[in-house]
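**Q** Got a structure for you, written out below as structure tokens; questions coming shortly.
The values are calculated or read from the model by the stated rules, or taken from the named source; none is laboratory data. Everything numeric in this text was worked out from a predicted model, so none of it was measured. For neighbour counting, all protein chains shown are included, and Cβ atoms are generated from backbone atoms with ideal geometry for every residue, glycine included.
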Amino acid sequence: MSDTSSSRTRAGWLALALASVLVIGALWPSQASAQVPPRFYWKTLSGTNAIPVIVNSMSGNTNPFDPAHLVAPGANLDATLAIGGYARMFTLLDRAAMAAVLLPMGRISGEVSAADQTINSSARGFGDPMFELNVNLIGPKAQKNLVDVLRYEPGFSLDVIADLAVPVGEYDSGQPLNLGQNRWYGRLGAPIVWQLGPWVPGRRTTLELLPAVWFFGTNDDFEGKSLETDPMFQVDAHLTRDFTEHMWGSLDGAWYTGGTASVDGVEGEKLDNLAFGLTLGYQINDNLGLTMGYKSTVNDSAPGDLQMDGFMISLVSGWHQIIEGARRLESGE
Amino acid sequence: MNDTQQRSVRARVTRPGNPGRLLRTMGIAGMVAALVAPAIGFAADPPRPPNIVIILGDDLGFADMGAFGSEIATPNLDSLATSGVRFTNFYTHASCSPTRSILLSGVDTHLNGLGNMDEWTAPNQLGVVGYEGYLNDRVVTLPQLLKEAGYHTYMVGKWHMGKAPGQIPAARGFERDFSLLDGAGSYWDMTNFTGAAPRSVFTEDGRYLTELPKDYYATQTYTDKLISFIDANRGDGKPFFAYVAHQAPHDPYHLPRDWRSRHVGEYDKGWDAVRQERLARQVELGIMPAGTELSERMWFLPDPVLLAPASRAFLGKRMELYAGMVENLDFHVGRLVDHLKEIGEYENTVFLVFGDNGAEGTDLFKMIAGSPGTRDFLFAAVKWSQTHPNAWGDPGSYVAYGPMWAQVSMTPFSQYKGWLAEGGIRNGLIVSGPVVKRPAGSVNHGLMHVADIMPTLLELAGASYPKTYQGRELPALLGRSWSPMLAGEVESVRTSQDVLAWEVFGNRAVRRGDWKLRWQVRPFGKSEWELFDLATDPAERKDLAAERPDKVAELAALWDDYVRANNVILPSRTPFETMEKQMPQRVPDDPGFPPLTGKKQFVPPADMMADPKP
């Protein structure tokens, strides 16, 4: 009786830690639709590693590899994206931090109207890799050990993020569609995770916001012209809720404004668009998380409006040295 | 003058009065009274007996109140202690319904119906008088007699002494009640533990409840109800007896969310360290004498120093919740005390505070929930499966703190609830109020027993224990009135020749003076008599049976007397019958053994370090 309960409780933390550590958010392609998924900024144990494999199928009148969402009126583009990445949680000045790199790859094709001509275009290969640094400013301290994991509740958490994409992706100035953007760009943002109610797997509810500003360098060879884009303001919002301990869902929204593009000084229209979507997540096991979602712009009936929709499926594998070792020992008993 | 003022005046007038003392001092006082009687005539009302409040903590441990050395914040209970007296040598029984049956009847369990817990009645005890599993009608209850003596009688909380209409609080002398009839259950709703009995049963004023009040939380609701009972009868000038049988801090540790996180990380240091700290405070407070040793850490418990920090935190969180339970209990006791002060009744109220047995170290939920594939496992899966630590305290969670923390609650004693080691039956007692004439805040070490409460309170109320009740001859009271001791006339109501004895689940013990003879099933005992000198070894570390066979024989004979006098039938089946085969082999707890676990990394002298040669 008592002895077995004791050993049972002693082992309990490991199962808990396993479940807690590897819930690192699905590393959604931040380039694709310039939006990260719900629960992306949840924190976990420092030293946790994650590798995402993300596949997107998208359609619309903009190149999903371009976060500026330069609208090509009348275009009908289809893209298949795969994104591989790596992320690692670490501690920076006692705060939770994450460094990540994402490398988009895939193909895009479609009809593009440009210069009063409609042409078919396609591209394939690698896009611009993006680096992201995230540091938490308000909220629980970094989870430096399993005790911290045990006690973690986000409460009201606010981070600061800095993204930078490096223009080394495949780019052909003669093509209207490209995977690389041939310019530096990045983002500054302040992700917020607001815990609503208890932090109990199966009953967690969060409201998550990501206000951010994208900054774009100049593409001096945009089909021989110069492309400049004003900063674009973006707010992502997610209302997430656990359905079970392993399954959750989210209502997603996004608003973009600004981002006026100029081609050789000729200004286009400023973006002012809304998109909504749904996401379902499922934790397959302690190491694997599956996410599926759909999102579409809604106020997109005018020719110059951003039109984009897409399905996404992602599989994220996470691991931590302590957890893996402890599990090996337990399974060997 | 309004009612409140009248009662305040009456309380002040009657405070010096004490029926028991008056009776004893009748020789002198009677003559004085005869001389002055014409002068005082009808100038004052006859002294009103004091109100009586018994606050019973369910599984509250000896060392869980601040006044008994705990780090848990219990300012309201401590306040009763500092205005009254703490007792360190007070015995209950080893489990709840047996203790409660003695408390309310003053009669030994084997006569009053709780010779065994209803849940564990053995085949050879079925149908035997004294083993009915409820408080039988061969005894009269304390509230029945107090009611006849002019008291209002109120009960809130856990009953656990019968559910049938003739067995419930209203049938056993309580004029008003709000009661959980089961031994435990959810603090939030009517959910109970098994598929066979899925709903807790409650009564209010003798009627079985179909549902609970809105915003029900056991400890709060019990307190609210009691306050409403008291207020409803305030105007009639009668004293009241309130039996406040709190469910807290019995597991599951259901607790409002804002009470759960007041001690985060404080118990990560582990049970050994907390026990040492509590013992040090007990010595400082005079609860235990200097030089007292802690009991052994039970052999199946890990040395917390050897556990990973996360394991200590995980297990420590259970104790954090338990501390919250005790603090929440204290808070609601404070509400009751404050209310009595507001209505002018506090000064004329006697409080008794204690736990009903040792702290709970057994995994009750495991015993209740069954194993996969069983009916009760299925029930638990639906109703009791909120296992995540962040859900602990919520409806559907079942948290208990385990044997390691139960030992902390029973510092410095050995073992816990269900057993007849000191950790199972010895508890801290506080008595305060106008009846107490000992120095405020003092500590007394006289030998006491829960059976003493019935004669003490009857005397206090000016009542007496009858020979018969409703035509039935009553068994003799087991205990002794504390009146002379509370009055400061003696240090103890027992001499070194008085005998106390216990039996439950087949375990048995007898104490006379400082000597205690104990028989417990292996591995908690030796399945043979063990002998302890509690004066020098309250933690029962050293079995002296081999050294003192004369004392063993003497006490064993007293045990036989107890069996004959009290209808003791040892059970043919017990909850512990297979325990020895399930538990690790018992080994001594030798600090520092094995040295292997304490070996640190060897660091050679720096000047002798060298790189490997090629």
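**Q** Mind listing whichever residues of segment A:282-303 are loosely packed, with under 14 Cβ neighbours inside 10 Å and not β-branched (Val, Ile, Thr)?
**A** Those that are loosely packed, with under 14 Cβ neighbours inside 10 Å and not β-branched (Val, Ile, Thr): A:ASN285, A:LEU288, A:ASN299, A:SER301, A:ALA302, A:PRO303.
**Q** Would you say B:TYR416 is of a type in the set (Phe, Trp, Tyr) and more than 15 Å from B:PHE62 (Cβ to Cβ)?
**A** Details: of a type in the set (Phe, Trp, Tyr): yes; more than 15 Å from B:PHE62 (Cβ to Cβ): no.
Against the criterion (of a type in the set (Phe, Trp, Tyr) and more than 15 Å from B:PHE62 (Cβ to Cβ)), B:TYR416 does not qualify.
**Q** I would also like to ask the following. So, in segment A:187-214, exactly how many residues are under 17 Å from the mean Cα position of the chain (by Cα) and either outside any strand (DSSP E or B) or more than 30 Å from B:ARG260 (Cβ to Cβ) (or both)?
**A** Residues in segment A:187-214 being under 17 Å from the mean Cα position of the chain (by Cα) and either outside any strand (DSSP E or B) or more than 30 Å from B:ARG260 (Cβ to Cβ) (or both): 10 in total.
**Q** Can you name every residue in segment B:388-398 that is of a type in the set (Ser, Thr, Tyr) and facing chain A (nearest Cβ under 10 Å)?
**A** Here is the first cut: in segment B:388-398, the ones of a type in the set (Ser, Thr, Tyr) are B:397-398.
Selection gives B:SER397 alone.
**Q** Which count do you get for residues in segment A:165-186 that are surrounded by 22 or more Cβ atoms within 10 Å (Cβ to Cβ) and in a strand (DSSP E or B)?
**A** Number of matching residues: 2.
**Q** Let me ask something else. Residues being more than 21 Å from B:PHE300 (Cβ to Cβ) and either outside any helix (DSSP H, G or I) or within 14 Å of chain A (Cβ to nearest Cβ) (or both): count how many of those fall in segment B:552-609.
**A** 15
**Q** While we're here: Have a look at B:LEU336, B:LEU285, B:LEU329, B:LEU321 and point out the one that is buried (at least 17 other Cβ atoms within 10 Å of the Cβ), of a type in the set (A, V, I, L, M) and more than 20 Å from the chain's Cα centre (by Cα). Full working, then the answer.
**A** Values: B:LEU336 fails: more than 20 Å from the chain's Cα centre (by Cα); B:LEU329 fails: more than 20 Å from the chain's Cα centre (by Cα); B:LEU321 fails: more than 20 Å from the chain's Cα centre (by Cα).
The conditions single out B:LEU285.
**Q** Additional query: Tell me whether segment B:590-604 contains one or more residues that are within 30 Å of B:MET367 (Cβ to Cβ) and in contact (Cβ under 8 Å) with a residue 40 or more places away in the chain. Spell out the reasoning first.
**A** Step one: filter segment B:590-604 for residues within 30 Å of B:MET367 (Cβ to Cβ), giving none.
No.
**Q** Quick check on my filter: what residues within segment A:232-264 are within 14 Å of chain B (Cβ to nearest Cβ) and in a strand (DSSP E or B)? Walk me through it before giving the result.
**A** Here is the first cut: in segment A:232-264, the ones within 14 Å of chain B (Cβ to nearest Cβ) are A:242, A:244-246.
Once the filter is applied, which keeps residues that are within 14 Å of chain B (Cβ to nearest Cβ) and in a strand (DSSP E or B), segment A:232-264 yields only A:ASP242.
One line per residue, one yes/no per condition, for (1) within 23 Å of B:MET117 (Cα to Cα); (2) part of a loop (DSSP other than H, G, I, E, B); (3) in contact with a strand residue (DSSP E or B) (Cβ under 6 Å, 6 or more places away or on another chain); (4) at pLDDT below 95:
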position: B:PHE174; (1), (2), (3), (4): yes, yes, yes, no
position: B:ASP182; (1), (2), (3), (4): yes, yes, no, no
position: B:GLY185; (1), (2), (3), (4): yes, yes, no, no
position: B:THR194; (1), (2), (3), (4): yes, yes, no, yes
position: B:LEU212; (1), (2), (3), (4): no, yes, no, no
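**Q** Can we say B:LEU420 is more than 13 Å from every other protein chain (Cβ to nearest Cβ), in a loop (DSSP other than H, G, I, E, B) and farther than 30 Å from B:ALA313 by Cβ? It would help to see each step written out before you state the result.
**A** Details: more than 13 Å from every other protein chain (Cβ to nearest Cβ): yes; in a loop (DSSP other than H, G, I, E, B): yes; farther than 30 Å from B:ALA313 by Cβ: yes.
Here the answer is yes, as B:LEU420 does meet what is asked.
**Q** Counting just the residues of segment A:120-164 that are acidic (Asp, Glu) and within 14 Å of another protein chain (Cβ to nearest Cβ), which one comes out surrounded by the fewest Cβ atoms within 10 Å (Cβ to Cβ)?
**A** Going through the qualifying residues, I end up with A:GLU153.
**Q** Could you count how many residues in segment A:135-164 are touching a Pro at 6+ places or on another chain (Cβ under 7 Å), of a type in the set (A, V, I, L, M, F, W, C) and not in a helix (DSSP H, G or I)?
**A** Qualifying residue count for the region: 1.
**Q** Give the residues of segment B:61-83 that are assigned to a helix (DSSP H, G or I) and closer than 15 Å to B:LEU329 by Cβ, sorted by residue number.
**A** Our first condition is that a residue be assigned to a helix (DSSP H, G or I); within segment B:61-83, this holds for B:66-68, B:75-83.
Of everything in segment B:61-83, those that are assigned to a helix (DSSP H, G or I) and closer than 15 Å to B:LEU329 by Cβ turn out to be B:GLY66, B:ALA67, B:PHE68, B:PRO75, B:ASN76, B:LEU77, B:ASP78, B:SER79, B:LEU80, B:ALA81.
**Q** Among (1) assigned to a helix (DSSP H, G or I); (2) away from chain A (no Cβ under 12 Å), there is one condition B:HIS250 misses while meeting the rest; what is its number?
**A** Just one mismatch for B:HIS250, condition (1).
**Q** Against the condition at pLDDT 80 or above and either in contact with a His (Cβ under 9 Å, 6 or more places away or on another chain) or of a type outside the set (Gly, Ala, Ser) (or both), how does A:MET58 come out, does it pass? Break it down into steps so the answer makes sense when it comes.
**A** Values: at pLDDT 80 or above: yes; either in contact with a His (Cβ under 9 Å, 6 or more places away or on another chain) or of a type outside the set (Gly, Ala, Ser) (or both): yes.
Yes, satisfied.
**Q** Within segment B:343-387, can you find the residues that are within 14 Å of chain A (Cβ to nearest Cβ), in a loop (DSSP other than H, G, I, E, B) and of a type in the set (D, E, K, R)?
**A** B:GLU360, B:ASP363
**Q** Could you list, in sequence order, the residues of segment B:438-455 that are within 18 Å of the chain's Cα centre (by Cα) and part of a helix (DSSP H, G or I)?
**A** Matches in segment B:438-455: B:VAL450, B:ALA451, B:ASP452, B:ILE453, B:MET454.
**Q** I need the full set of residues from segment B:456-482 which are of a type outside the set (Asp, Glu) and within 23 Å of B:SER83 (Cα to Cα), in order please. Don't jump to the end; show me each part of the working.
**A** In the first step, residues of segment B:456-482 are kept if they are of a type outside the set (Asp, Glu); the result is B:456-458, B:460-472, B:474-482.
Result: B:THR456, B:LEU457, B:LEU458, B:LEU460, B:ALA461, B:SER481, B:TRP482.
**Q** Taking the residues in segment B:260-302 that are small (Gly, Ala, Ser) and within 14 Å of another protein chain (Cβ to nearest Cβ) as candidates, determine which candidate is nearest to B:TRP392 (Cα to Cα). Steps first, answer last, please.
**A** Taking segment B:260-302 first, the residues small (Gly, Ala, Ser) are B:261, B:265, B:270, B:273, B:280, B:286, B:290-291, B:295.
Filter once more, so that each one left must be within 14 Å of another protein chain (Cβ to nearest Cβ): B:261, B:265, B:270.
Details: B:SER261: 11, B:GLY265: 16, B:GLY270: 20 Å.
It comes out as B:SER261.
**Q** Does segment B:534-544 hold any residues that are small (Gly, Ala, Ser) and either within 14 Å of another protein chain (Cβ to nearest Cβ) or in contact (Cβ under 8 Å) with a residue 24 or more places away in the chain (or both), and which are they? Can you show your working first?
**A** At the first step, the residues of segment B:534-544 found to be small (Gly, Ala, Ser) are B:535, B:539.
Within segment B:534-544, B:ALA539 is the sole residue that qualifies.
**Q** I would also like to ask the following. Answer with yes or no whether B:HIS254 is out of contact with any Phe, Trp or Tyr (no Cβ under 9 Å at 6 or more places or on another chain) and closer than 30 Å to B:HIS388 by Cβ. Steps first, please.
**A** Working: out of contact with any Phe, Trp or Tyr (no Cβ under 9 Å at 6 or more places or on another chain): no; closer than 30 Å to B:HIS388 by Cβ: yes.
No.
**Q** In this structure, does B:ALA546 turn out to be at pLDDT 95 or above, among the aliphatic types (A, V, I, L, M) and touching a Pro at 6+ places or on another chain (Cβ under 9 Å)? Write out each step before concluding.
**A** Details: at pLDDT 95 or above: yes; among the aliphatic types (A, V, I, L, M): yes; touching a Pro at 6+ places or on another chain (Cβ under 9 Å): no.
Here the answer is no, as B:ALA546 does not meet what is asked.
**Q** Additional query: Which one of these is farther than 21 Å from B:ASP498 by Cβ, among the acidic types (Asp, Glu) and over 28 Å from the mean Cα position of the chain (by Cα): B:GLU580, B:GLU554, B:GLU547?
**A** Values: B:GLU580 fails: over 28 Å from the mean Cα position of the chain (by Cα); B:GLU554 fails: farther than 21 Å from B:ASP498 by Cβ.
Just one listed residue meets the conditions, B:GLU547.
**Q** Let me ask something else about it. Hey, among B:GLU459, B:GLU422, B:GLU473, which residue is closer than 23 Å to B:THR153 by Cα and either out of contact with any helix residue (DSSP H, G or I) (no Cβ under 8 Å at 6 or more places or on another chain) or among the acidic types (Asp, Glu) (or both)? So that I can check it myself, show each step before the final result.
**A** Working: B:GLU422 fails: closer than 23 Å to B:THR153 by Cα; B:GLU473 fails: closer than 23 Å to B:THR153 by Cα.
Matching residue, one of B:GLU459, B:GLU422, B:GLU473: B:GLU459.
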